[in-house]
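For reference, the structure discussed in these notes is given below.
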Amino acid sequence: MSQRVAVIGAGPSGLTSIKSCLDEGLEPTCFESSDDIGGLWRFKETPELGRTSIYRSLVVNTSKEMMCFSDFPMPADYPNYMLHSQLLQYFRLYAQHFDLLRHITFQTSVLTVRQRPDFSRSGQWEVVTENGEGQEQRHVFDGVLVCSGHYTQPVSPLDQFPGHESFPGRCLHSWEYKDADAFRGKRVVVVGIGNSGGDIAVEISRAAEKTFLSTRKGTWVLARMSSSGLPLDMTAISRLTVLLTSLLPRALVNWAAERSLNHRYDHRLYGLQPTHRLLEQKPLINDDLPGRILQGAVVLKPDLRGFQGSGLLFQDGTTEEDIDAVVFCTGYNGTFSFLPPSLCSGSVGDLNLYRRVFPPALERPTLAIMGLFQTKGPIFPAVEMQARWVTRVIAGLTQLPPRKTMLSKIETETKRNMKSCLCPRQAALHVDYIPYLDSLAEQVGVRPNILGLLLREPSVGLRVLLGPCTPYQYRLRGPGKWDGARQAILTQWERVAQPFRTRLEPEPPRPLVLLSPLLITLSAGAVMLAVVLSQCKLTLGLQDLLQDSTHLLDWLSALLWGSA
C-alpha cells in the first residue's frame, strides 16, 4: 500500500513536491486554501489576510534557464526575466504536463498537524482541514510537506518610531502596495532597501513629486544584465566561480567585484555604500535605481528615527517635511500556526532544521519544511532538490544521520554563516547555492559526475564545469534521470537568445576557430582546470588529457562544433 503524504500549499514548492511524491511512488494530497495554484506568484488586486501579496509590476530576479524545474525547461520564447503573470503560466504548464492538478484539493485550509499517538513507531500525522463551507475533516498521513511559504505576516516597525500617532499621512507595508497610482504628485518615503524596497521606490518615483529611500546599512546594487547583455546569473553562478572563490583570498575577490561595480556607479557617491562586503550578504537586484538617483527622482536617506507632524526625522538629524505617505518594506514574520508548538513556537526563522528541511527533534523524519532558506541563487531548483531528497527519506530509500550529528551540523553551519550574517536568524537561514544543491544531490544520488562527463562527453562536461549551473545538471544520472537533460544543457544558450530574435539581422561571417572568443575563454578555463587538478593530485591520465594540446583542441572542437 502506498504511503500517503500531505502537501500543504500549491505554490511552486507544493507543485514540485507533488511531482516528487509521484516519482517515488508516494500518494500525495495537496491542500490549497485558495482556488488556484501559484502561491506568491498569483497576483490579486486586493491583498487578503493570511495570504501572500505582490505588486503589479513584479519581475523575477533570476533568469528562466536558472530558475526552471530541472526536467521542464521554460518555453524558448519566454523572456529571460519575466513578469509574475508569465511565471504563473509556466507553473500551469508544469502542472498540466505532469498531471498534478488532480492531486490538489482547493479552498481547503489546514488547521492543525499533530503526531499520532503511535508516532514513534508509525511516524504518522493527523491533519485537520477546513473547506470553504467551514466543514472540518480529519486525515491520517504517513508524511507531511509544508509548502505554505513565509511571506504572509508583514512586519511593520511603525510602533518603534515616536510621533507616528500624529502623522497625518498614510503608512502601509509593501504587502499592501499594488502600484504607484495612489502616490501621484505625492512626497513619499520608502523604508527598507531590499528587492521590494528598491522596486517600489523606483516605481513610485515615476509618479510621485519626490521619493526618498531610507536605509540603515546601504546595499550593493547589481543589474539583471551582465556583460554583452546576458542574464547576470547565467554568467555569475557556475562551478568555476565557486572553485575560483574558494581558491582565491576572499578579501581579494570582494575587492575585485566591488571595484567592478563601482566602475559602473560609485556606491559611495550615490549614497548606497553598505557596511558589509559584497560577498557577505545578498545584493539588491535592480536595473533602474542608480539611474533614478542620478536624475534626482530618488533621494537616499539614512535610517528613520521618528515622525514630527507631517515630517520625518532621520538618524543624521535631517528632516523631510510635508511627507504624504510612508511605505515600509521591512520584511515578513511568517509562522506555521498549524504545526505543534514544540516544533514552531515563534517565527519560522527560529525553526531548527537539518539542512534547512528536517526538524531534528522528531523521532521519525516524516515532516519537512520546504523553501525556508535564503540563498544567492534561484529558489525553485533548490526547493525541487529538497523535495526529491525528502520524498526518498519518507519512502525509506535514504536515511538521516543520528540526531546528535544533525544538531552538530546545524550548529557548525550557523557559526560559519555568522561570520558574514550578523543576525543569528539570517545566519540560520542562509545556504550557499551550488554547495547546498550538491550536498542534497549527493544524498539523492544525482550529483553530476563531472570527472566522468569530462572523459566521456567533454561537450557536456565542460558546460557543466565552466558554464552556468542550470538545473538540468541534476537530471543527468541517478533517480529521476531525464533523457532530455543532456540536450537541455547543450541548447540552454539558444533558449537565452530566442526571445531576442524579433528583428532578423544578416549573420556575420563565421570567425576562425582559433580566434573565436569562446574558444579563447574555454582554453583559459581548461588551463585553469589543469592547474587545479594538478594541485588536487587527480589521476595522471586526466592531467595528461588536459595538458596534451591535441586532446585539448579535440575537446574544444567537440564542444564548439559537435552535434547537439
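The values are calculated or read from the model by the stated rules, or taken from the named source; none is laboratory data. Note that the structure is predicted; figures quoted are calculated from it, not measured. With ideal geometry, Cβ positions are generated from the backbone for all residues, glycine too; neighbour counts draw on all protein chains shown. SASA here: full protein model, heavy atoms, side chains in, ligands and nucleic acids out. Shrake-Rupley method; radii C 1.70, N 1.55, O 1.52, S 1.80 Å.
Structure summary
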| item | result |
| --- | --- |
| Odd one out for residue 286 among (1) out of contact with any helix residue (DSSP H, G or I) (no Cβ under 8 Å at 6 or more places or on another chain); (2) touching a residue at least 60 places away in the same chain (Cβ under 8 Å); (3) under 27 Å from residue 417 (Cα atoms) | (1) |
| Pairs where the first residue, in the range 90-104, is closer than 11 Å to residue 37 by Cα and the second is acidic (Asp, Glu) and not in a helix (DSSP H, G or I), C-beta under 6 Å, 6+ apart | 104/32 |
| Some residue of the range 31-51 being in a strand (DSSP E or B), touching a strand residue (DSSP E or B) at 6+ places or on another chain (Cβ under 9 Å) and crowded, with 19+ Cβ neighbours inside 10 Å | yes |
| Residue that is most open to solvent (accessible area, probe 1.4 Å) [pool: residues in the range 185-238 that are in contact with a Ser or Thr (Cβ under 9 Å, 6 or more places away or on another chain) and free of Cβ contacts under 8 Å to residues at least 12 places away in the same chain] | 228 |
| Number of the exception - residue 241 against (1) free of Cβ contacts under 8 Å to residues at least 12 places away in the same chain; (2) of a type outside the set (Gly, Ala, Ser); (3) farther than 22 Å from residue 377 by Cβ | (3) |
| Yes/no for residue 62 being farther than 28 Å from residue 174 by Cβ and of a type outside the set (Gly, Ala, Ser) | no |
| Single condition residue 148 does not satisfy, out of (1) open to solvent by 30 Å² or more (accessible area, probe 1.4 Å); (2) part of a loop (DSSP other than H, G, I, E, B); (3) at pLDDT 95 or above | (3) |
| Pairs, first closer than 23 Å to residue 161 by Cα and β-branched (Val, Ile, Thr) in the range 326-348, second open to solvent by 30 Å² or more (accessible area, probe 1.4 Å) and at pLDDT 85 or above, C-beta under 6 Å, six or more apart | 326/171; 330/155 |
| Given (1) open to solvent by less than 60 Å² (accessible area, probe 1.4 Å); (2) under 17 Å from residue 481 (Cα atoms); (3) assigned to a helix (DSSP H, G or I), number of the condition residue 442 does not satisfy | (1) |
| Of all residues making up the range 382-417, the number that are within 26 Å of residue 28 (Cβ to Cβ) and either open to solvent by 50 Å² or more (accessible area, probe 1.4 Å) or part of a helix (DSSP H, G or I) (or both) | 16 |
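For every residue, the table says whether it meets (1) out of contact with any Pro (no Cβ under 8 Å at 6 or more places or on another chain); (2) buried (at least 22 other Cβ atoms within 10 Å of the Cβ).
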site	(1), (2)
63	no, yes
70	no, yes
79	no, no
83	yes, no
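Residue-by-condition table, conditions (1) outside any helix (DSSP H, G or I); (2) farther than 18 Å from residue 368 by Cα; (3) without any contact (Cβ under 8 Å) to a residue 24 or more places away in the chain:
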residue: 120; (1), (2), (3): no, no, no
residue: 127; (1), (2), (3): yes, no, no
residue: 139; (1), (2), (3): yes, no, no
residue: 159; (1), (2), (3): no, yes, yes
residue: 162; (1), (2), (3): yes, yes, no
residue: 171; (1), (2), (3): yes, yes, no
residue: 179; (1), (2), (3): yes, yes, no
